[in-house]
1. Report yes if GLU629 is more than 16 Å from VAL494 (Cα to Cα) and open to solvent by less than 10 Å² (accessible area, probe 1.4 Å), otherwise no.
2. Would you please list the contacts, defined by Cβ atoms under 8 Å and residues six or more apart or on different chains, that run from a residue in segment 108-123 that is farther than 11 Å from LYS142 by Cβ and part of a loop (DSSP other than H, G, I, E, B) to a residue that is at pLDDT 80 or above and of a type outside the set (A, V, I, L, M, F, W, C)?
3. Among the numbered conditions (1) farther than 16 Å from SER365 by Cβ; (2) open to solvent by less than 10 Å² (accessible area, probe 1.4 Å); (3) modelled with pLDDT of 85 or more; (4) of a type outside the set (Lys, Arg), tell me where GLN320 comes up short.
4. Regarding segment 532-545, can at least one residue be identified that is buried (at least 19 other Cβ atoms within 10 Å of the Cβ) and part of a helix (DSSP H, G or I)?
5. Among the residues of segment 653-691, what is the count of those that are farther than 17 Å from SER637 by Cβ and assigned to a loop (DSSP other than H, G, I, E, B)?
6. Of the conditions (1) under 25 Å from VAL465 (Cβ atoms); (2) touching a residue at least 40 places away in the same chain (Cβ under 8 Å); (3) part of a helix (DSSP H, G or I); (4) not β-branched (Val, Ile, Thr), GLN632 clears all except one; give me its number.
7. Checking the condition among the basic types (Lys, Arg) and within 29 Å of the chain's Cα centre (by Cα), which residue from ARG603, ARG653, ARG648, ARG590 passes?
8. Answer with yes or no whether SER460 is open to solvent by 30 Å² or more (accessible area, probe 1.4 Å) and of a type in the set (Gly, Ala, Ser).
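The values are calculated or read from the model by the stated rules, or taken from the named source; none is laboratory data. All figures in this text were calculated on a predicted structure; none of them were measured in a lab. FYI the Cβ positions are ideal-geometry reconstructions off the backbone, even for glycines, and counts take in every protein chain you see. Ligands, DNA and RNA are excluded from the accessible area calculation, which covers all protein heavy atoms including side chains. Shrake-Rupley method; radii C 1.70, N 1.55, O 1.52, S 1.80 Å.
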Amino acid sequence: MGRKEDNIKKATEVMHILPQIRNLCIAAHIDHGKTTLSDNLIAGAGMMSEDLAGKSRVLDFDDQESARGITINAASASMVHEVDGTDYLINLIDTPGHVDFGGDVTRAMRAVDGCFILACAVEGPMPQTETVVRQALKEKVKPVLFINKVDRLINELQVTPEDMMERFKETITKVNKLIRQFAPDEFRKEWQVSVADGTVAFGSAYHNWGITVPYMAKSGISFKDIFEHCHNEEQKDLARKAPVHEVLLDMAVSKLPGPVEAQPYRIPNIWTGDLDSEIGKSMVNCDPEAELAMMITKIWMDPHAGEVAVGRIYSGSINQGESVFAIGAAKPERVQQVSMMVGGDRITVPKVVAGNIAALTGIRSAAAGVTLSRNNDFIPFEAIRHYSDPVVTVAVEPKSMKDLPKFIDALRSLAKSDASLQVTTNQETGEALLAGMGELHLEITVYRLEEEQNIKVKVSPPIVVYRESIESNNHGRSFEGKSPNRHNRFMMEVEPMSTEVVEALRDGHFGNGTIRSGDSKEVGRKFGEFGMDKDLMRKIYAISGTNVLVNDTKGIQGLHETRELIIESFNEVCKKGPMADEPVMGMMVRLVDAKLHEDAIHRGPAQTIPAVRNAIKGAMLRARTVLMEPMQRSHVSVPNDWLGQVTREITNRRGIIEDMPSEGEATTVIGTLPVAETFGFSNDIRAASQGRAIWNSENTGFEVLPPQLFDKVVGEIRTRKGLKPEPNPESYYSD
């Protein structure tokens with residue numbers, strides 16, 4: 001039996017021994033070496049040839065990943081590692097570093113309990129490092145640190161051993177500062193990383209060596225030896241003495257928690273049900289004999305088996321051939337196959353138990369973020385919150401109408417497999433709007449349609465999705481919306497909410513959707529913590545994204561009967577604001593008064609919805625509607641000779657340069673610029689620096705569009721959507 005087959009056999013045995021399981025992911029900034037490291041861990045565990053490790057990129061099995069040399073999908077692999085004679089099963093997820101694929105990182109964090117944060121020894125922690133640390137800690141995933149590319153520090157930058165130590169110290173301090181900032185209170189101190197306790201490793205994923213203080217004690221290697229081996233080009237010898245897979249997998253087993261240890265503090269964070277109930281206790285205890293509770297974190301398309309749903313089992317087990325509910329679906333579905341993942345391979349097993357990551361086929365209703373259970377009334381896991389919203393849209397349609405049914409099916413699959421992608425289709429014309437995280441995200445999506453699904457499509461130039469918001473409040477100047485039959489009137493006031501509250505809404509701190517009356521007291525208390533009037537907020541009706549609807553009326557006859565219709569109208573306005581039909585953000589809507597017809601037949605949907613919709617939109621215009629545009633922060637590192645051209649490129653795109661730290665012959669230009677101005681940025685930066693610039697970017701939220709551009713942008717959006725070029729405020733007034 002080969003080493004790989006032997007390992008697979010061991011993996012299927014160890015997965016039933018819960019203390020010997022570790023679920024972890026590798027997360028870092030783009031190009032800091034995640035996939036190369038994953039390869040070496042898998043090779044070291046005997047799952048592929050060691051000669052190919054770091055070059056074959058086993059987890060980048062998508063041809064676009066290989067062609068572009070970046071990770072697009074979070075891929076998973078299981079391997080077995082032995083420590084002191086005991087076999088441990090390591091379920092590893094490699095995640096993307098590019099800002100456009102951040103959603104995959106967030107979803108991967110839900111499936112794991114521990115995380116290797118990679119930082120490049122030369123560049124140190126970068127913007128995306130901060131994002132992934134924040135994502136890990138929000139999901140209560142324990143981090144450890146691996147400082148990669150140490151050989152470059154020694155050989156390219158020619159640093160002295162003292163300088164090297166200084167740089168390491170700086171990187172560790174920065175990562176610990178992030179942990180202090182974002183970790184849950186109870187783990188702020190406990191999860192700090194340090195060289196002394198073995199939660200920091202150093203090495204080179206590419207050259208296959210790594211070291212930690214515990215491994216130094218075990219092997220007798222010192223920092224001086226490492227410096228000399230790198231300096232004398234003897235890294236192969238170093239890789240034999242301190243193989244990176246052994247060092248890091250030892251660290252994973254000894255320093256990162258297993259599911260039995262992690263689920264008691266992770267379950268309360270991701271599930272809102274009663275922890276004292278039978279299923280609550282089963283999940284906290286990670287009980288493999290109990291009721292099934294599983295969350296899907298990824299869907300990927302297998303050319304032979306179709307949709308494969310990958311997720312974490314928190315309780316019970318999933319068996320081949322049984323029927324389960326994807327919570328929210330009408331009927332149960334049969335699990336055709338249960339497997340463990342090894343890179344691009346799936347190893348079929350009869351069942352997978354709690355504490356593991358499993359791959360299933362046959363569950364058509366599954367999508368990223370969906371909960372699976374045998375009981376359809378099971379309270380689903382908390383929705384996975386993404387740190388940035390889709391900000392770029394393209395219109396896509398098939399070139400040939402005969403491809404339309406296939407095209408709509410393909411889009412449905414793409415939307416399921418990538419929860420960061422928003423798809424809206426017009427069934428008649430076949431045109432689809434794809435909203436994604438950036439140009440690259442949409443480029444890859446279109447590539448998948450054309451190459452993998454073999455559908456030739458027409459693609460519009462990219463469009464930016466703005467948000468509508470309000471500048472001031474209209475307290476005491478409510479706007480009245482009348483129903484078409486004139487028998488019902490609704491008076492609305494609106495006001496902007498503070499940045500802190502908007503951030504908390506985006507993070508899901510208060511929940512989303514219609515607020516049940518039993519929960520309104522607790523939700524009001526939470527708003528009170530942010531300095532809002534808790535008595536007012538207890539009258540909350542609904543939350544839609546970062547907008548809130550409150551019923552601020554007293555004793556109006558029959559109002560509770562129209563509650564659902566009022567909420568529906570509010571949700572409609574949140575999707576399409578009054579200025580340009582763009583989504584609305586950061587607004588509180590208060591219903592301050594209403595006059596209703598006593599006969600319910602005269603206050604049905606056809607009367608109530610237009611009246612409430614007009615009242616909210618009119619109140620927004622009265623409070624002065626503004627457009628919010630999505631922004632990106634770019635870091636462009638460029639040799640000093642080309643610095644002028646690069647800064648000009650940024651400022652010509654309405655960019656604001658925030659900082660320009662320089663190191664040696666190169667300077668990093670840090671600037672914020674609107675997403676609307678970033679199209680073609682990569683080509684222009686390349687041309688301006690003759691290909692010598694290295695850059696990356698991150699989405700940083702929304703800022704108010706400058707007033708001088710307001711009319712022009714609103715006109716362009718309205719024309720594109722087939723609306724009259726200028727909004728007509730009068731249309732919200734009923735005669």
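1. Values: more than 16 Å from VAL494 (Cα to Cα): yes; open to solvent by less than 10 Å² (accessible area, probe 1.4 Å): yes.
When the stated conditions are applied, GLU629 passes them.
2. That search, which allows pairs on different chains as well, returns ALA121/ASN148; ALA121/LYS149; ALA121/ARG167; ALA121/THR171; VAL122/LYS149.
3. In the conditions (1) farther than 16 Å from SER365 by Cβ; (2) open to solvent by less than 10 Å² (accessible area, probe 1.4 Å); (3) modelled with pLDDT of 85 or more; (4) of a type outside the set (Lys, Arg), GLN320 misses (2) alone.
4. yes
5. Number of matching residues: 5.
6. It is condition (3) that GLN632 fails.
7. On the way: ARG603 fails: within 29 Å of the chain's Cα centre (by Cα); ARG648 fails: within 29 Å of the chain's Cα centre (by Cα); ARG590 fails: within 29 Å of the chain's Cα centre (by Cα).
Only one candidate qualifies: ARG653.
8. Numbers: open to solvent by 30 Å² or more (accessible area, probe 1.4 Å): yes; of a type in the set (Gly, Ala, Ser): yes.
Spelling it out, SER460 is indeed open to solvent by 30 Å² or more (accessible area, probe 1.4 Å) and of a type in the set (Gly, Ala, Ser).
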